Amino acid sequence: MDQRPKQEPKSFAGFLRGKVGHMSFGALIYSQWEAFLVGIFSGLPGFPGMAVRSLAYKMLFKRLGGFAWIQPRVMFVQADRLSVGRTFGVNTGSYINAIGGITIGDHVLIGSNVTISSGRHPIDGEFPPVFARPAEPLPIAIEDDVWIGAGAVIMPGITLRKGTVVGANAVVTRSTEEYSVVAGAPARKIRSRIADRGKPPGPGA
Ligand SMILES: CC(C)(COP(=O)(O)OP(=O)(O)OC[C@H]1O[C@@H](n2cnc3c(N)ncnc32)[C@H](O)[C@@H]1OP(=O)(O)O)[C@@H](O)C(=O)NCCC(=O)NCCS
């Protein structure tokens, strides 16, 4: 049965209780401290800025396996739930929210203005307003050698399997097959990166 309140929160305090009341005080303070540090480091320009970010995110991420090529103005939320492998690249303007946990493998490249959010806003029923509800965590997995094109949106709960290429502006609503190329909204497989996989090798192979 739906346990959600049957009416709008009447006060700002009621709104906050509904939205973040499930978080401990310590978790709230940590999230604000993290937002402050990400905000400071995200604006640093050039390669020196990238090197500082790589060092800082080694401490803020749950795991960072190697150097991270993170361009300016990339936003991370709940970075302590983000686990990343080796040679990780993200371009300007991307937003990565690890509220539900995000695991990223090795050699993953993310284009500009990509949204990867591992939380979902519950929408059923009239009350309370969607804005006043806490996000539901749903983990995302991005395996090795994935490239996500500019402007793509990766939905909560998705797995991008090894070798996936996501086209520019795709909206990925389903998990992908290994080495598939997906595009469109909703994203559909347009081809495989390994056309002859599974066939016996031809003469001279
Ligand atoms: C997905 C992608 C890798 C496919 O490249 P490709 O295999 O060479 O594909 P093609 O250009 O031959 O296109 C194949 C078909 O898919 C369609 N298509 C390609 N990319 C698409 C996209 N992003 N969205 C929707 N359809 C797309 C093409 O229109 C074509 O359709 P058609 O056969 O009906 O004409 C590429 O188009 C892409 O989007 N790259 C991302 C670029 C980017 O974001 N760069 C900056 C970030 S680092």
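Quick note: the coordinates plus some simple rules give every number you see, no bench work behind them. Keep in mind that this is a model prediction, so the values were computed, not measured. Cβ: placed from backbone, ideal geometry, glycine included. Neighbour counts: every protein chain shown.
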Given the conditions (1) over 25 Å from Ala135 (Cα atoms); (2) among the hydrophobic types (A, V, I, L, M, F, W, C); (3) in contact with a strand residue (DSSP E or B) (Cβ under 9 Å, 6 or more places away or on another chain), and given that Leu44 satisfies all but one, which numbered condition is not satisfied? (3)
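Looking only at region 38-73, which residues are in a helix (DSSP H, G or I), buried (at least 16 other Cβ atoms within 10 Å of the Cβ) and either on the phi > 0 side of the Ramachandran plot or not aromatic (Phe, Trp, Tyr) (or both)?
The first filter runs over region 38-73 and keeps only residues in a helix (DSSP H, G or I), leaving 38-42, 46-60.
Going one step further and asking which of them are buried (at least 16 other Cβ atoms within 10 Å of the Cβ), we end up with 38, 41-42, 49-50, 53-54, 56-57, 60.
Hits for region 38-73 are Val38, Ser42, Gly49, Met50, Arg53, Ser54, Ala56, Leu60.
Which one of Glu143, Glu136 is of a type in the set (Asp, Glu) and farther than 30 Å from Lys10 by Cβ? Explain how you work it out, then say what you get.
Details: Glu136 fails: farther than 30 Å from Lys10 by Cβ.
Criteria check complete, one pass: Glu143.
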Can you name the condition, by its number, that Phe76 falls short on among (1) over 19 Å from Asp144 (Cα atoms); (2) out of contact with any Leu (no Cβ under 6 Å at 6 or more places or on another chain); (3) not in a strand (DSSP E or B)? (3)
Looking across region 78-97 at residues that are free of Cβ contacts under 8 Å to residues at least 40 places away in the same chain and of a type in the set (Gly, Ala, Ser), the single one that is surrounded by the most Cβ atoms within 10 Å (Cβ to Cβ) is Ser94
